[in-house]
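Below is one structure, written out as structure tokens; the observations come after it.
The values are calculated or read from the model by the stated rules, or taken from the named source; none is laboratory data. All values derive from a computational prediction rather than experimental measurement. Every residue, glycine as well, gets a Cβ built from its backbone with ideal geometry; the counts of neighbours run over all protein chains shown. With ligands, DNA and RNA removed, areas are computed over all heavy atoms of the protein, side chains included. Shrake-Rupley method; radii C 1.70, N 1.55, O 1.52, S 1.80 Å.
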Amino acid sequence: MMRSLYAGVSGLQNHQIRMDVIGNNISNVNTTGFKKGRVNFHDMISQTLSGAARPTEEVGGVNPKQVGLGMTIASIDTIHTQGSLQTTGVMTDVAIQGEGFFILRKGDRSFYTRAGVFGLDEEGYLVNPANGLRVQGWRAETVNGQTFINTTGSLQDLIIPVGSKDPASATTEVFLACNLDKRLPEIPPGAGPETVREGTWVATYDIYDSFGNPHTLRIEFTKVVGEPNRWRATVTVDPDAETPTNTLVDVGETNNATNTFIIQFDNLGTIQSVEDEAGDVLDAGALQVQVGFDVPEATIPPGEAAVRQTFNLNLGQVGSVVDAVTQFAERSSTKVFRQNGYTMGYLEGFKIDQNGVITGVYSNGNNRPLGQIALATFVNPGGLEKEGETMFRVSLNSGDPNVGPPNFAGKGKLIAGALEMSNVDLAEAFTDMIVTQRGFQANSRTITTSDQMLQELLTLKR
């Protein structure tokens, strides 16, 4: 009889713990990134009254007689199922769709969380504003003018330097892709202004010097008189400036002393070759001429030549009609005309893509990668220990973190401007609460009934 009392006590105690877990789940129903808990029971040891007996030739076998001594908690599991996503419109809020944890660091200690409520501190670090822990990832590096992110390197504190400068860069490449109308008239010597205007196609675009100052690049195309499929291109930088910039064009290794070159087309309308006025031909599959001009803003020491800036004028591939200069009987047009120079700019904003790459948006129109958020996955995420503040830490049974970029090697993708909500299901939690309550009541009734039986035993003799 005493066994039933203690079995009931174990049921009361452990159902109370289950109720504690359910209550914690319900209290965190609106906690960002919270993962619900689950209690599993199993029976305790059983007292053997008599053991099992083998069958004999005369009688069959006998099963063991055992009385259970109650129940205990088998495990309290953390259920890492996906929570629903809620859009917030805050670009520093990030949700994980799939597997993985954000990595937060405090000194040498690392913590892991699904709550992507992030913000910037006064130094521009991406942090959890609730506790100041810094988000980990990889910062962008610039080598020889090329920006890249090395995801094989060590993790770093991510920083977004809002208001930082993007230095000006001089134009080194200009890409021209236009069509020259085969039907344009030739311009004979001594032609009037109207004839010159009708027979000339002009393309203009802004280029930049090393200070970030804009200059106007002007290219005038006219047909070579008496030579079909040949066009003369005249290049001028800042044609309307009071002081000429002394624009010169070099074709290949030649030293051209003029600002013109000749383009030869075939009968299919595609570019075949480029040459200078002396007939020296640029022999290359990708046709480009070098243009140089004086930089008027540069400081020129007395007695020295003016500072020259050069850039390549790319005309396309030989025989190509894609991103190349062509000659067809269609209206002249400039469809693609771009260059790689820009003025100085300031970081005005940023965006985070599904791969975790943070891209800075500058006032000069440039978009540059600033860093990439890292994710960690575990062989057994249920083995992580809860640290509080919706964070976890590594335990002996979780396995080591497998760190890598999002949306790669089994890691989830990131969604900026959204948060992952709690995965607590209220309907399920209320149902578990009812079942737990009934279990608690049943165990209390076991104790009450055992007590009544003991009372009856004590009253046998009065």
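Numerical summary
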read-out	value
Debye, to nearest 20: dipole size of the stretch 173-343, +1 on Lys, Arg Cβ, -1 on Asp, Glu Cβ	580
Cα-based Kirkwood hydrodynamic radius, the stretch 19-147, one decimal, Å	20.2
Rg(Cα)/(2.2 N^0.38 Å) for the stretch 173-343, N = residue count	1.04
Gain in span if fully extended, Arg368 to Val59, counting 0.36 nm per residue against the direct Cα distance	102.6 nm
Sparsely packed chymotrypsin sites (Phe, Trp or Tyr not before Pro) within the stretch 59-164, loop by DSSP, other Cβ within 10 Å at most 13	none
Portion, in percent, of the accessible area of the chain that falls on carbon or sulfur, probe 1.4 Å	51
For the stretch 290-366, the fraction of alpha-carbon pairs in successive 10 Å shells from zero, as %	13, 23, 25, 28, 11, 1
Nearest-0.05 FRET efficiency for Glu330 and Ala278, computed from C-beta distance (R0 45 Å)	0.90
Alpha-carbon spread of the chain, three principal axes, descending order, Å	143, 60, 35
Per residue value of the accessible surface for the stretch 173-343 (all protein chains in place, 1.4 Å probe), Å²	51
Helix 426-458 axis, angle to the chain major axis (alpha carbon atoms, nearest 10°)	10
Estimated FRET transfer efficiency (Val90, Asp206; beta-carbon r; R0 41 Å; 0.05)	0.70
Over 18 Å (Cα to Cα) - which of Lys106/Lys386; Lys36/Lys386; Lys182/Lys223; Lys35/Lys386; Lys386/Lys411 fall in this group	Lys386/Lys411
Given charges at Cβ of Lys, Arg, Asp, Glu: the stretch 401-462 dipole, positive-most of Ile447, Leu460, Ala409	Leu460
Chain lengthening between Phe430 and Asn213 when straightened (0.36 nm per residue, less Cα-Cα)	71.3 nm
Computed label-point distance, nm, for sites Glu227 and Thr152 using a 7 Å Cα→Cβ extension	5.3
Cβ charges +1 (Lys, Arg) and -1 (Asp, Glu), total dipole of the chain, debye	3200
Hydrodynamic radius by Kirkwood, which averages 1/r over all alpha carbon pairs of the stretch 87-220, in angstrom	20.5
Distance (nanometres) between label positions extended 7 Å along Cα→Cβ at Asp77 and Glu122	4.8
